[in-house]
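Everything on this sheet refers to the single structure shown next.
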Amino acid sequence: MKFKRRVAIFSGQLELTPLVDVVFLLLLFFLLSPNLRSSAGIKVDLPESVAATSVQSSDVVLTITDKNEVYFRDKLISPLEGFEQLRGELAKVKRAHGDETPRLIVQADKKIPYGRVIEIISIAWEEGFYTQSLATEPKER
C-alpha cells in the first residue's frame, strides 16, 4: 500500500539575511564581552559578602594583589616611589572629572592585612575620593 505525500518538498534557496544577522550578533558579543570584566588581567581572590552593588563605568578601580602589588586602573604603582605615584594618579583623575569625583572601588585580596587596605584608602581620602567601596565576591546563601 502506497501512501500519498501530503507535504510538498520545497527545494528553494537558503535565506542568508537571518544567518548573517546571527553571525554579526555573535561577533559583536564576543568582541564586547571581555570589556565587561574589570581588571581581567589582575588575579585577586576577593572576600565573600552578601552585600552587593553594581560597578558603573565611571568608577575607578584600585587593586591590591596577594603579593602586595598596588594597581591603579590596571597600571602597576611602583613600590620604589612609595605612594607618591598613586597620589599623582589620583590627582589626575580628580582634575579630569572636576567637581564630580568618581567612586573608588578597592579590590583587595583577602590575604592582604587590614592595615594595608586602610592605609591605601586613607591616601585616596586625602586626595578627595570620599566615595569608596570595597569589592567582594557574591556569597552563596
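The values are calculated or read from the model by the stated rules, or taken from the named source; none is laboratory data. Quick caveat: nothing in here was measured; it's all calculated off a predicted structure. Cβ atoms come from the backbone with ideal geometry, glycine included; neighbour counts cover every protein chain shown.
Restricting attention to the stretch 95-126 and to residues that are among the charged types (D, E, K, R) and within 15 Å of PHE83 (Cβ to Cβ), the residue that is farthest from the chain's Cα centre (by Cα) turns out to be GLU126.
One line per residue, one yes/no per condition, for (1) under 13 Å from THR63 (Cα atoms); (2) not in a helix (DSSP H, G or I):
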| residue | (1), (2) |
| --- | --- |
| LEU80 | no, no |
| LEU86 | yes, no |
| LEU90 | no, no |
| PRO102 | no, yes |
| VAL106 | yes, yes |
| VAL117 | yes, no |
| ALA124 | yes, no |
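Quick one: count up the residues across the stretch 126-136 that are on the phi > 0 side of the Ramachandran plot and in a helix (DSSP H, G or I). Counting residues in the stretch 126-136 that are on the phi > 0 side of the Ramachandran plot and in a helix (DSSP H, G or I) gives 0. Residues in the stretch 102-130 that are under 14 Å from LEU90 (Cβ atoms) and of a type in the set (Lys, Arg): ARG103 alone.
Looking only at residues of the stretch 127-141 that are exposed (fewer than 13 other Cβ atoms within 10 Å of the Cβ) and more than 9 Å from THR101 (Cβ to Cβ), we find that the one that is farthest from the chain's Cα centre (by Cα) is ARG141. For first residues located in the stretch 82-104 and surrounded by 17 or more Cβ atoms within 10 Å (Cβ to Cβ), partners that are polar (S, T, N, Q) and in a helix (DSSP H, G or I) and lie 6+ apart or on another chain with Cβ distances below 7 Å do not occur. Going through the stretch 1-50 one residue at a time, which ones are modelled with pLDDT of 75 or more, surrounded by 10 or more Cβ atoms within 10 Å (Cβ to Cβ) and assigned to a loop (DSSP other than H, G, I, E, B)? ILE42, LYS43, VAL44, ASP45, LEU46, PRO47, listed by residue number.
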